[in-house]
Ligand code: ADP
């Protein structure tokens, strides 16, 4: 320890030795050859680290930086030993010399160990031939990719995650009117506003976003056109890229518009026709009303005089005359009924006011009116709870129930107790009523025809009637915003359904 302390204390003290020049016999030539050679080696060793460091500072991608610095230090230290060797010719600072050598030794071995550690890694690095082959391979792959892009039927634009255009195909050039170079490197916003899409959604390979909402593409000349875009991620070595397949949907939109316009025109035409039909219907109704009304008077006269004729001259003329007069009396009676029915039919809804109607009370009145018919036929009536309608035509509604109930009795099955079940329930903004019987039923093919005015399935001798009752019911249901239909099985019975549009106040009675 004492020696070490002494060593550093006298580090620059050279009184213990004579200058090297005076040790032994140096000729001028020998001495200077030694000195100049040492200085030449030192200066060369000194220059090498600077060249290395300069090189590294320019190469940002340089690897093994620590090795370069270690190597530079090692060379610098080796050079220093030569420098101090030359200096000792005049100043024998052997202690400094020894120290420099010791440092050089340490640096040399550190470098050796570091080289042992780094060399295997360095040998795994690709050679320039490998790199060239890889570049070639990449070029080919890129070429293939470009060819594929050109084959795609859609315009394709490839962008990086910052929405900068990287690649476009010829279809995109045609679509947008820019050249390849005018688009490459530019923001995609110049073509279409895509940057509202969340890039994160595209980070999973296989994810796809299709944008069908109103998105407009902009051409170089500033004109705009509707587009449909499908975005898909491309995971590459350079990071996430996005491929947008763009389709010009101008024609599709035009077609949609044409269809929409055609629909509107069609709707208008239907409305016009409906209005026309309604007007004609009204005219017909008016005609039926006027005709039946005006016919009543001459019919009344004819029928009155025929009856007078029958009363006064029956038995005073011959048998044939009596028979003819009977026929005329019967026919004019039938005609009276028909004209009255027709008049009633054309009067439905005319001038009457709608008001609140409790269907339970209404049904009670109907059953009371039909009391004799019900009692004679021992009819069983089952009625559920019916609604109170806030707005309905009571006279017409009563006639509807009356027609259905009396038909159920009229068309009963012989030798079976007629059972009539009446109920109602709410469905989709309507009250749906049903009148079910266990009568003779109606065959499938007649189930629509029976609602047409004067259509009957039986002749008068089998069942009485004029064939206007169900036409009445149909008109009354329609007057209430509803409809009427029947479900029936011949021999098993029929169920007549009718609906009444529900207004806010209609409710079931307590
Ligand atoms: P009408 O009762 O005067 O014949 P409608 O218009 O009331 O006229 O009925 C038309 C036809 O529908 C009837 O002739 C009958 O054949 C059939 N029909 C109506 N109601 C029923 C019923 N409940 N059961 C079986 N058939 C019926």
The range 31-72: number of residues that are closer than 19 Å to residue 122 by Cβ and in a helix (DSSP H, G or I): 11
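Which of the strands (runs of 3 or more DSSP E) found entirely inside the range 305-423 contain at least 1 residues meeting this: within 16 Å of the ligand (Cβ to nearest atom) and loosely packed, with under 14 Cβ neighbours inside 10 Å?
Values: elements: 355-358, 380-383, 387-392.
Here the list reads 380-383.
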Matching residues in the range 424-443 - criterion: being away from the ligand (no atom under 12 Å from the Cβ), part of a loop (DSSP other than H, G, I, E, B) and touching a residue at least 24 places away in the same chain (Cβ under 8 Å): 429
Flag for residue 129 being touching a residue at least 60 places away in the same chain (Cβ under 8 Å) and in a helix (DSSP H, G or I): no
Verdict on residue 21 being farther than 26 Å from residue 120 by Cα and assigned to a helix (DSSP H, G or I): yes
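The rows are residues; the columns are (1) more than 7 Å from the ligand (Cβ to nearest atom); (2) not in a loop (DSSP other than H, G, I, E, B); (3) not assigned by TED's automatic domain parsing to the domain that holds residue 374.
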{"residue": "445", "(1), (2), (3)": "yes, yes, no"}
{"residue": "454", "(1), (2), (3)": "yes, no, no"}
{"residue": "458", "(1), (2), (3)": "no, no, no"}
{"residue": "473", "(1), (2), (3)": "yes, yes, no"}
{"residue": "478", "(1), (2), (3)": "yes, yes, no"}
{"residue": "486", "(1), (2), (3)": "yes, yes, no"}
{"residue": "494", "(1), (2), (3)": "no, yes, no"}
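The values are calculated or read from the model by the stated rules, or taken from the named source; none is laboratory data. None of these values were measured; they are calculated from a predicted model. Using ideal geometry, Cβ is built from the backbone for each residue, glycine included, and neighbour counts are taken over all protein chains shown.
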